[in-house]
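Every number in this text was worked out from the coordinates using simple rules, so none of it is lab data. All of these numbers come straight from a predicted model, not from anything done at the bench.
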Amino acid sequence: MIFRRVKAHIEKENWFAVGVDFFIVVVGVFIGIQVANWNEAYSDQAEYLLALERLKQETKINRNTIDRVHIEVAKSLKIVGDALDVLLTCSGSDENRLLVNKGLKELRSTNGLYLRSQALRELTTNSRLLAQQTAQERQRFTDMLFYFDLTKAQSDFVEFHSHEKRFEDNPVLSLGSRNAASKEFYGVDLKQIRSIDLNTTIEVACKNDPLIKAFFIWERWQGDLIPIGEQVRFEMNATEAILEKRI
């Protein structure tokens, strides 16, 4: 319609009317572009708030994971520590023998710290989400991801380093009977099919250097999981303070 009007005005050499029509077209295009930009900006902002909400929920899950792992590690450290204390004191008794055998059972497994980071990685890689962030937010999310990656590397080392040398090969140990004891791993019940027990006295076992070191190495590295988890908790607390300002 507008183009027919422009053509008619040109034919009549009504240049003022042509100018008015041209102005209307330019304004219309400008308004259309602005509306599109406003809609895109609103959509990006809404998507960013949803991304922050996903990070908030992810952080809550990770906090619960750290709490659970810390409880499990503290319990295992107590068992292994009691067994190691018995061996270091060379104090033989039926009760102490049970403590050492209980510690041997604990040596068969280790804990690791597995945290979720999908929402965090999205915030540090998605260009639309990055454009919505303040400099403070961008730095906070980048720092938190750095510590998450560092935590994974440390956790993997702590979890698997204790198994580099198999303590079960020690000649003072023998396979025991089947037992019904179990340990839960992320909701899965892992059965300990057979126990492994001392086949000698405490007085002999306490002089077995590889056995002593097996307990020490397990205690040394598994004990690191608690400060590792606390470092991540500190980072999550700092990030949650940022989230509270936005959502």
In sequence order, what are the phi-derived ³J(HN,Hα) couplings for the stretch 68-85 according to the Karplus relation 6.51 cos²θ - 1.76 cosθ + 1.60 with θ = phi - 60°, rounded to whole Hz, with x for glycine and proline? 5, 5, 4, 5, 5, 5, 4, 5, 5, 4, 5, 5, 5, x, 4, 5, 5, 4
Derived scalar couplings ³J(HN,Hα) [the stretch 134-151; Karplus, 6.51 cos²θ - 1.76 cosθ + 1.60; whole Hz; x for Gly, Pro]: 6, 4, 5, 5, 4, 5, 5, 5, 5, 4, 5, 5, 4, 6, 5, 5, 5, 4
Out of residues 5 or more away from I196 or on other chains, whose amide H comes under 5 Å of its own, with H placed 1.01 Å from N in the peptide plane? G176
Can you run phi through the Karplus equation (6.51, -1.76, 1.60; θ = phi - 60°) for the stretch 239-245 and list ³J(HN,Hα) in whole Hz, with x for Gly and Pro? 6, 4, 5, 5, 5, 4, 7
Partner aspartates and glutamates for K245 [C-alpha distance under 13 Å; skip if fewer than 8 residues away on the same chain]: E53, E137
So which aspartates and glutamates can K102 reach, going by Cα to Cα under 16 Å and dropping same-chain residues fewer than 8 places off? E72, D82, D85, D94, E168, D197, E219
